[in-house]
Structure formats: structure tokens, C-alpha cells
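Report on one structure; see the data block that follows.
Quick note: the coordinates plus some simple rules give every number you see, no bench work behind them. This one's a predicted model, so the numbers in the text were calculated from it and none came from an experiment.
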Amino acid sequence: MTVHLVGAGPGDPDLLTRRGAALLERAEHVVYDRPSMDAILELAPWARRHCVGKHGSTPAAAQHDIDDLLIALGRTGVCVVRLKAGDPCVVSRGGEEALALAAAGIDVELVPGVSAAVAAPAAAGIPVMVRQQARTVTVVAANDDPEYPGEVNWDALTRLGGTVVLLTGRAALRRITAALLAAGMAPGTPVAAISAASQPQQRTVRGTLAAPPDARLPPPLTVVIGDVARCDVTQHVATRPEGSRAHP
């Protein structure tokens, strides 16, 4: 009895790992979050699909209901894939689901994926670490989920420096930039917001900490804060091969 928690990457099927693709090809059940995963779900043509995220006017399933579904499917003994955007354990509830499955006696395989924390900046031509500009990268779950253990220490983050990447922080961007300014981060610090990374509708909007990009961009939104956010190497890279799906 095994449930495979597979990282789907940022959305472009070309960025899915070979292990993830192989599991989808033989999956009998796929539990996924977003209708935007349809291109990746094509790799599982025989699987029964269970969408547990928000779909149009249909609200997302409660986490305990998702856990119960995964446990029930895991006990059937067939190949079950839990498809998670990005990496299943980076700003994701994949870790909670893995713990719930393990507590129920179900074996779990964690299949890493390319997290949006690095994939979205790369798609926008932003290297998150340039030796002369950043020695650290801090990934922040930026939403206001009360289950996180307390508020982020923005003072400490400002003192640390380096690159800051915000995930799931679309609604909180203005509050976070204000908190960083209050903590002493320079008003002119570059900020880049990447919408729908690796998808045909990808868009990048740039600004500064004092004048941040408008967060009213289509989700998912990844925000990069720091000196590297002024980079844009997309004008100086080789063209992707014909048939490739990502559109910088």
C-alpha cells in the first residue's frame, strides 16, 4: 500500500521529473488540486481523477477530507498519485498528508518536484543566487494561514539579506512589503512578481519595495525580493526547442 506524493513542478509538463511521469502513466487514481494541471494529467489517461482544490464555484475540499480520501485510496493497493504543484513539501500541505498517511499505516513515496520558488524566477530570467548579490535564499509561505507557527520575523529576515521569495502571498504582498520597509529594508530594493510561471500566459511585473508590483495578477503568483530581482536574462538565452511548452 503506497501513495506517491508527486511534485508537478510549476505547470509545464516538460519540467516534470521522469519518476513523476512514470508514476502518472501507471496510476489508477490521481488526486490533484487545480484544473490548470490538465496538461500534466494527460500523462495519466487511464486514471480516475479526483479534483480536491477549488474548481469554479466548487470550494476546495477540507484538509481532513483529503487525508481521508488518500488513506482510503491507499488501502486499495492500486497505484495512487497525489499530484502537488511545485514540490510536495515546499509551501505545500504535502508534508501534512504524508504524516497522515504514515499514521494510518500507508507507505508514502515523496517524489520531489521543481518548486516555484526557483522555477518561477528562472522562467522570468531571474537567477535567485548570483554570488556577487546573494548568498542566501529565504522561501516564505506568505499567506495568512493561522496554522503556521506565528508571524515571520521580518526584522531578522531584513538583517539576513540575500534573496527573499514569497509563495502563496498574492493577497498579502502590500502588507509584507510594508513590514519589510518598517524593518529597515531599503525602499529601492527590487521586487519582481511572476504570474503563471512556465505557462503560455506567464507575465512578469517589476517594481521596488516602496512601489511594489500590483498583486492583482492571475495566480499562482511568485514574488522575488532582493538585488537579483532586477535581473532579466531572458533576452540573452537560447530559444527553447520547438514543441516546448514554457513561454517566458
Express the C-alpha Rg of the stretch 102-147 as a ratio against the empirical globular expectation 2.2 N^0.38 Å, rounded to two decimals. 1.70
Quick one: grab the alpha carbon gyration tensor of the stretch 116-235, order the square roots of its eigenvalues as a ≥ b ≥ c, and give me rounded if a/c is under 1.5, else prolate or oblate depending on whether a/b is larger than b/c. oblate
Restricting to the chain, what percent of DSSP beta bridges are antiparallel, rounded to 5? 45
Considering just Cα atoms, how many Å³ per residue does the convex hull of the stretch 2-111 enclose? 89
Bins of 5 Å, beginning at zero and ending with the bin holding the largest distance: percent of Cα pairs per bin for the stretch 1-53, please. 4, 21, 36, 29, 9, 1
Does the stretch 72-172 come out rounded, prolate or oblate by the C-alpha gyration tensor, with a ≥ b ≥ c the root eigenvalues, rounded set by a/c under 1.5 and, if not, prolate when a/b is larger than b/c and oblate if not? prolate
Enter the per residue convex hull volume of the chain, computed from alpha-carbon coordinates, in Å³ rounded to the nearest integer. 135
Using Stokes-Einstein with the Kirkwood hydrodynamic radius over Cα pairs, what translational diffusion coefficient do you get for the stretch 116-173 at 4 °C and a viscosity of 1.567 mPa s, in µm²/s rounded to a whole number? 103
Among G162, G184, G113: highest mean-square fluctuation, GNM of the chain, C-alpha pairs under 10 Å: G184
For the stretch 1-97: relative contact order, % (alpha-carbon pairs under 8 angstrom, 6 or more apart): 43
